[in-house]
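Novice: There's a structure below that I have some questions on.
The values are calculated or read from the model by the stated rules, or taken from the named source; none is laboratory data. Worth saying up front: this structure is predicted, and the values here are computed from it rather than measured. Positions of Cβ are generated from backbone atoms using ideal geometry, with glycine treated the same way; all protein chains shown enter the neighbour counts.
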Amino acid sequence: MDAGMNQVLIVGAGPVGAVCALALQQQGVAARVLEAQPEDARADTRTLALAHGSRLILERLGVWDRLADVTPITRIHISQRGALGMARLAADELGVPALGYVLPYAELTAALKQALREAAIAVEYGVAVERIEPGSASATLYAADGRALRAQLVVVADGGRGEAAPEPKFAHDYEQMAVVCEVRTELPHAGQAFERFTPEGPAALLPKDEGYALVWTANDADAKRIAALPDEEFLAALYRHFGGRQGLFLQASPRKTFPLRLAYVGSEAADHVVRIGNAAQTLHPVAGQGFNIGLRDAWELASLCGDTDSGEIGGTAMLRDYAQGRRVDVIGGVGFTDFLVRVFSNDVAALRHARGLGLLALEVLPPLKAFVARRMMFGARG
């Protein structure tokens with residue numbers, strides 16, 4: 001490799017890009033990271049739901065033990081409003097310490113940033129990427145500061161917010177928005193999450209600290225109206241929507257909204273360029289699959305780079321193997337998530353009864369319960 005050639009350039013220092021860089025280093029592959037945001041950018045206030053499989057990845061990278069503000073999900077209660085049928089999943093029945101974990105996005109990014117620093121992985125902040133040109137022997141990245149950087153492999157992990165992405169192979173606007181905030185309830189959560197399906201869209205309560213992180217989906221107009229309600233009216237509306245399993249809703253933080261859509265670009269790559277995480281696929285938040293798929297993208301790509309001769313990293317054969325290896329997990333996650341949204345977000349009588357039967361089967365059939373839980377924890381290849 002000539003002196004001006006990078007082995008791997010990663011565009012994006014968010015969790016997916018950082019995990020990819022750390023995993024590549026474990027494989028003996030040199031990575032350099034470029035991040036468009038300044039290093040002192042305002043911390044992201046989102047809440048993350050990590051699957052158990054994602055915990056295992058972070059443990060292997062030595063990051064998990066750095067996380068202090070983590071709330072385990074030990075049970076999940078799944079139901080549909082106004083109809084029969086419910087199902088319960090429990091970690092102890094499946095032989096795992098937790099089905100998932102809830103934590104602040106900012107805490108994970110801070111732990112990963114520190115891990116990158118301690119690993120002496122080069123991260124350049126405030127470097128925007130204008131375009132990336134694939135090539136037969138390498139790819140060339142053109143930065144907004146005028147530099148042209150060559151690499152055997154350019155990994156785009158910028159969440160789809162950077163340089164112009166290719167047209168998605170499949171895209172769907174759900175015409176829904178998510179209303180997100182944190183709420184306090186009359187009863188303690190005891191590690192239990194709730195997934196509630198309604199004709200207007202799914203809603204979830206995820207245990208976080210002493211309360212819950214709420215994700216409430218509705219059509220665009222209703223979501224904006226719900227988010228703008230005064231606290232007392234918002235809490236009353238949430239009680240009507242979710243029911244009283246946790247007693248009254250007592251307190252809510254300021255609400256935020258964001259649009260929901262599906263966009264699948266795919267893992268197929270141009271020569272020496274590949275997209276991972278939200279740069280490759282953006283999913284509806286129901287079932288919490290999107291972020292976890294992105295971490296698996298990063299881990300699997302790094303593992304494959306480690307198994308590839310150094311001179312062949314980023315080549316056609318390697319990227320073809322990566323695309324084929326990820327297809328089942330990614331397409332499975334996209335399909336599973338889209339199926340849940342389309343089938344459960346309506347009030348068609350026949351589907352309402354079928355959903356009830358499906359939830360009943362999930363409750364009483366241990367093999368089905370184990371299959372669904374493993375998919376949620378480890379993806380379609382779990």
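Novice: Out of the strands (runs of 3 or more DSSP E) lying entirely within the range 93-139, which hold 2 or more residues that are in contact with an Asp or Glu (Cβ under 9 Å, 6 or more places away or on another chain) and over 30 Å from C181 (Cα atoms)? Talk me through it step by step, then tell me what you get.
Specialist: Details: elements: 100-104, 122-125, 129-133.
Correct list: 122-125, 129-133.
Novice: Something else: Take the residues in the range 313-328 that are over 21 Å from Q25 (Cα atoms) and among the aliphatic types (A, V, I, L, M), then tell me which one is surrounded by the most Cβ atoms within 10 Å (Cβ to Cβ).
Specialist: A323
Novice: Quick check on my filter: what residues within the range 281-317 are assigned to a helix (DSSP H, G or I), of a type in the set (A, V, I, L, M, F, W, C) and modelled with pLDDT under 95? Write out each step before concluding.
Specialist: Taking the range 281-317 and keeping what is assigned to a helix (DSSP H, G or I), we get 286-288, 290-306, 310-312, 316-317.
Among the residues that remain, those that are also of a type in the set (A, V, I, L, M, F, W, C) are: 286-287, 291, 293, 295, 298-299, 301-302, 304-305, 317.
Selection gives V286, A287, F291, I293, A317.
Novice: For Y174, all conditions in the list (1) under 16 Å from L34 (Cβ atoms); (2) touching a strand residue (DSSP E or B) at 6+ places or on another chain (Cβ under 7 Å); (3) not small (G, A, S) hold save one; what is the number of the exception?
Specialist: (1)
Novice: If I ask for residues that are of a type in the set (V, I, T) and either touching a helix residue (DSSP H, G or I) at 6+ places or on another chain (Cβ under 7 Å) or not assigned by TED's automatic domain parsing to the domain that holds A21 (or both), which ones from the range 111-131 would you list?
Specialist: Within the range 111-131, the first condition is being of a type in the set (V, I, T), and the residues that meet it are 121, 123, 127, 129.
The answer is I121, V123.
Novice: Has the range 281-291 got any residue that is touching a residue at least 60 places away in the same chain (Cβ under 8 Å), of a type in the set (S, T, N, Q) and either out of contact with any Ser or Thr (no Cβ under 9 Å at 6 or more places or on another chain) or crowded, with 21+ Cβ neighbours inside 10 Å (or both)? Give the steps one after another, and end with the answer.
Specialist: Within the range 281-291, the first condition is being touching a residue at least 60 places away in the same chain (Cβ under 8 Å), and the residues that meet it are 282, 284-289, 291.
Okay, now just the ones that are also of a type in the set (S, T, N, Q), so 282, 289.
Add one more test, that the residue is either out of contact with any Ser or Thr (no Cβ under 9 Å at 6 or more places or on another chain) or crowded, with 21+ Cβ neighbours inside 10 Å (or both), and what stays is 282, 289.
Within the range 281-291 (the criterion being touching a residue at least 60 places away in the same chain (Cβ under 8 Å), of a type in the set (S, T, N, Q) and either out of contact with any Ser or Thr (no Cβ under 9 Å at 6 or more places or on another chain) or crowded, with 21+ Cβ neighbours inside 10 Å (or both)), the answer is yes, since at least one residue qualifies.
Novice: Does I121 satisfy being touching a Phe, Trp or Tyr at 6+ places or on another chain (Cβ under 7 Å) and modelled with pLDDT of 95 or more? Break it down into steps so the answer makes sense when it comes.
Specialist: Values: touching a Phe, Trp or Tyr at 6+ places or on another chain (Cβ under 7 Å): no; modelled with pLDDT of 95 or more: yes.
So I121 fails the test.
Novice: Being surrounded by fewer than 20 Cβ atoms within 10 Å (Cβ to Cβ) and over 19 Å from P72 (Cα atoms) narrows it down to one residue among E233, E182; which is it?
Specialist: E233
Novice: Ok, one more. Can you pull out the residues in the range 140-172 that are modelled with pLDDT of 85 or more, among the charged types (D, E, K, R) and under 20 Å from the mean Cα position of the chain (by Cα)?
Specialist: If we filter the range 140-172 for residues that are modelled with pLDDT of 85 or more, which is where we start, we get 140-159.
Retained after the next criterion (residues that are among the charged types (D, E, K, R)): 145, 147, 150, 158.
Result: D158, single match.
Novice: Only one of (1) touching a residue at least 12 places away in the same chain (Cβ under 8 Å); (2) under 20 Å from S303 (Cβ atoms); (3) of a type in the set (A, V, I, L, M, F, W, C) is not met by A49, so which one is it?
Specialist: Answer for A49: the failing condition is (2).
Novice: Can you tell me which of T282, T308 is of a type in the set (S, T, Y) and either over 14 Å from the mean Cα position of the chain (by Cα) or more than 30 Å from W64 (Cα to Cα) (or both)?
Specialist: Details: T282 fails: either over 14 Å from the mean Cα position of the chain (by Cα) or more than 30 Å from W64 (Cα to Cα) (or both).
The match here is T308.
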